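The values are calculated or read from the model by the stated rules, or taken from the named source; none is laboratory data. On a predicted model such as this, the values are computed, not experimentally measured, just so you know. Here the Cβ is made from the backbone with ideal geometry for all residues, glycine too, and neighbour counts use every protein chain on show. What goes into the accessible areas is simple: the full protein's heavy atoms, side chains included, and nothing from ligands, DNA or RNA. Shrake-Rupley method; radii C 1.70, N 1.55, O 1.52, S 1.80 Å.
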Amino acid sequence: MRTWKACLAAAAVSFIAATGAQAQEKQLTLCWAAWDPANALAELGKDFTAESGIKMNYEFVPWTNFADRFINELNSGGKLCDLLIGDSQWIGGSATYGHYIKLNDFFDKEGISMDDFAPATVYAYSTWPKGSENYWALPAMGDALGWIYRKDWFARPDLRQEFKAKYGHDLEVPKNWNELKHIGEFFQGRDIDGKKVYGMGIYTERGSEGITMGVTAALYAWGFQYEDPNNPYHMEGFVNSAAAVEALEFYKSLYECCVPPGHSDAYMVANLDAYKSGQVAMQMNWFAFMPGIAKDEDVGGGKSGFFVNPAQKIAASTLGGQGISVVSYSDKKDMALEYIKWFAQDKVQKKWWALGGYSASKAVLDDPNFPNTAPFAADFLKAMDGVKDFWQEPTYAELLQSMQKRIHDYVVADKGTAKQALDKIIVDWTEVFEDDGKL
Amino acid sequence: MTDRTAASIADRAAAATPAGLTRRVRGLSDRAIAWLFIAPTIVLLLAINIFPLIWTVYLSFTNYRANRPGRVIDWVGTRNYERLLGSEDVWEYMQATAHFVSWTMIIQVILGLGLALLINKNFKGAGFWTTIILIPMMLSPAVVGTFWTYLYQPQTGIFSYIINAFVEVGPIDMIGSPGLAPWSIIIVDTWMWTPYIMLLSLAGLRSIPDYLYEAAEIDRANTWQKFWHITLPRVMPFLMLAVLFRGIENFKMFDMVVELTSGGPGSITELASINLKREAFEKWRTGYASAFAVILFVTVFGLGNIYVKALNRVKQ
């Protein structure tokens, strides 16, 4: 009898251990940045868990450490992330060094077509080499750099009158960068409701990618090109073209005329803080933050308006956003692919947008009612029509760090001229491409 | 402890040693036993200090990148060193480092010695004030860097507020202004580490025998003469030791400055160690970064050696 009891107990323990281990294994870890859309994705993920029984864990890291943390994770072959929503610029390195698995066969097998996603997002987030049909990610989060402004301040009759008298055009959403600067100058140091306010919050951050993302918003609007389209990696006359010099000088003039004191190392959060605290009339920031602004108790509810990056010589915006990839070092690649299959569905993409994520699916974006679904939706469509991204080369981190240094030296530290800064960028980038065997 | 007690402990220890071990050790010479004892430390030192150093020197002559494990490592000779020594930017980082190290040392020695002289007066509450002064030194540099960014905030920070209470100059952008940023890190380092210099100076002051001052009194020496001929020479070895420790630390300064300025504006406060980290772990130019690390090591080692010789001369 005692033996039977012992056997039963052992069987029970084994069963519990086995099911426990199984439950332990039926989970995935998704890595991304810690920001508003990540919370929306976590909410969305509950549906996946309900349907598949796979528990979702999330590793969200603040933007300032995002690249450092996850690129190190990939380089070390870490197994922390099964799924990674990595920055668009990482695609070259991650594909080349085998950090992501190639998704073509999986897409073919599951009937997932890249034609169902906005072409700009497929090109930017999924493909490497660029323009090829090698897919390493599913477009997950469309994003671009846009602008947010105090609609309630712009609507004040006294301010509108004064502005018109001073600049000869209405205090409205700017049609170009000159008008943007007028608005910045107009609000700089102005007293509104007993509080001193400033023109705008622009990106000036030094450490990661901030000032590059900000300054490219101006460069792209001036028609900037990274290289000769007919002669890859040939940059002389393109990176340091007269238009590029003018754009860079203009960005510096915005920094000098129109930002709050101490705005010398500001990226997304610093701009949000300056704007939400009623300190600035406008801020540049990613569309991803716009749902949060629209709902904000201080500046939301009609107090804020949104506009696409102003055109200058051409209409263009800095690309943000990311694709979702399966990490090749994961032990749970099948489950991770299951998640991607689920995420690619039209109904899931629609819910993703409704929760505050920016879907790149045509099922969402091509819906005739889409522009009316949010006050920034129409501008998002406009922005995604003209997005341009930084280099996506495997050496992107070196290219980015060089640009960060040269631009910050010129714009914030007031060192040298715009032409010298751009010339130095060419020297740095040439060295990087030479070392990489591209030149 | 008496000799008898010591002998008794030794006997008991000998009795407790297993017989097998006694036999094995008995066959070894004193020298061999000594080697046996120091061998683990030597192995550890070789593994975690000497080997990485040699490996770094080797990598400095290659184009190795730690983020590309499969890539063939090419021997590039002295190319990394030529690039480093010929780079205008690298000299700027070295200048920024030299500016930071020199000014922090000068200011901290003056303030630290001054504070030590004050505390040495043994006034009422001297113990309490010593504890208060020592607090900054006990904080983490990263925490210090972070909260000083708030203190330096031009609109809401207390630093700007205090300056404006004396001179109305409007919001002061210590971190963002190219002219002020180098001083912003010097001020914070001084706030944090002056107590350390004070502590060592105080130890020096307390070691000076009173009879020297009494003799000086008899010789009718004034306060300045007593300071110049007795206090300063006696405290000097302690001060020089403090400067050596702090100088080496500040040459490697990273965390506090990264939190405070991220090396900006531009590269004005980008100290050598910050750039080294960028090259090694952001750009992943491991070979190049290794060459930079070797240059920094040789610089610190060389300067340290010269300094130690000077210190020994002062002691004599």
Using the 2.2 N^0.38 Å rule of thumb for compact globular proteins, work out how the protein assembly as shown stacks up: its C-alpha Rg over that value, please. 1.17
Apply 1/(1 + (r/R0)^6) to the Cβ-Cβ distance of residue A:175 and residue A:196, taking R0 = 30 Å, and write down the FRET efficiency to the nearest 0.05. 0.60
In a Debye calculation with equal point scatterers on the alpha-carbon sites of chain A and no solvent, what is log10 I(q)/I(0) at q = 0.07, 0.08, 0.14 Å⁻¹? -0.38, -0.48, -1.33
With the calculation restricted to Cα positions, what are the radius of gyration and Dmax of segment B:86-315 in angstrom? 20.4, 68
For the pair residue A:369 and residue B:313, how long in nm is the line joining their label points, each one 7 Å along Cα→Cβ? 8.7 nm
Once label points are set 7 Å from the Cα along Cα→Cβ at both residue A:160 and residue B:212, what is their separation, rounded to one decimal in nm? 8.2 nm
Between residue B:232 and residue A:104, take the C-beta separation as r, use R0 = 51 Å, and let me know the FRET efficiency to the nearest 0.05. 0.10
Interface burial for B against A (accessible surface, 1.4 Å probe, total of both chains, Å², rounded to 100): 2500 Å²
Give, in nm to one decimal, the length gained when the segment between residue A:96 and residue A:51 is fully stretched (0.36 nm per residue of separation minus the Cα-Cα distance). 12.8 nm
Inter-site label distance for residue B:219 and residue A:419 at 7 Å from Cα along Cβ, in nm: 6.8 nm
Straight-line reach check, residue A:362, cutoff 12 Å on alpha carbons, 8 or more apart in-chain or any other chain, hits among aspartates and glutamates -> A:115, A:116, A:346
Buried by partner chains in segment A:399-439 (accessible area down by at least 40 Å² vs chain alone, 1.4 Å probe, heavy atoms, protein only) are A:401, A:405, A:413, A:415, A:431, A:435
List the residues of segment A:68-105 for which accessible area in the full set of protein chains is at least 40 Å² lower than for the chain on its own; 1.4 Å probe, protein heavy atoms only. A:68, A:75, A:97
Can you tally the net charge around residue B:152? Count Lys and Arg as +1, Asp and Glu as -1, for every other residue whose Cβ sits under 15 Å from the Cβ of residue B:152. -4
Rounded Å value of the spacing that divides the Cα centres of segment A:237-290 and segment A:102-179: 17 Å
If we count every other residue with Cβ under 9 angstrom of residue B:282's Cβ, Lys/Arg +1 and Asp/Glu -1, where does the sum land? 0
What shape does segment A:148-204 take by its C-alpha gyration tensor, where a ≥ b ≥ c are the square roots of the eigenvalues and a/c under 1.5 counts as rounded, a/b above b/c as prolate, and the rest as oblate? oblate
Provide Rg and Dmax in Å for segment A:232-312, with only Cα atoms included in the calculation. 16.0, 50
Using 0.36 nm times the number of residues separating residue B:140 and residue B:95, minus their current alpha carbon distance, what extension gain do you get? 13.6 nm
Prolate/oblate/rounded label for segment B:97-215 (Cα gyration tensor, a/c 1.5): prolate
Dipole-positive endmost among B:165, B:258, B:223 within segment B:86-315 (Cβ charges, Cα centre): B:223
Radius of gyration and maximum dimension Dmax of segment A:29-142, Cα, Å: 14.3, 38
Give the distance, in whole Å, between the Cα centre of segment A:360-402 and the Cα centre of segment A:39-90. 20 Å
What helices does chain A have that are whole DSSP H segments, at least 20 Å long along their own axis by Cα, and with mean Kyte-Doolittle hydropathy of -1.0 or more? A:2-25, A:36-52, A:242-258, A:396-411, A:418-435
Jot down the per residue volume, in cubic angstrom and as a whole number, of the convex hull over the alpha-carbon atoms of segment B:193-234. 61 Å³
For the protein assembly as shown, with every protein chain kept in place, what is the accessible area per residue (1.4 Å probe, Å²)? 47 Å²
Is segment A:294-439 best put as rounded, prolate or oblate by its Cα gyration tensor, with a ≥ b ≥ c the root eigenvalues, rounded for a/c under 1.5, and otherwise prolate when a/b is larger than b/c, oblate when not? oblate
Taking beta carbons within 10 Å but only from partner chains, what does the mean come to for residues B:174-180? 4
Using only the Cα atoms, what convex hull volume per residue in Å³ does segment B:210-312 have? 131 Å³
Ignoring ligands, DNA and RNA, what percent of the accessible area of the protein assembly as shown is carbon or sulfur (1.4 Å)? 60 percent
How high is the relative contact order of segment B:86-315, given as a whole-number percent (alpha carbon pairs under 8 Å, six or more residues apart)? 29 percent
Short to long, in 5 Å steps from zero, the percent of alpha-carbon pairs of segment B:26-75 per bin is 4, 18, 14, 13, 12, 10, 8, 7, 6, 5, 2
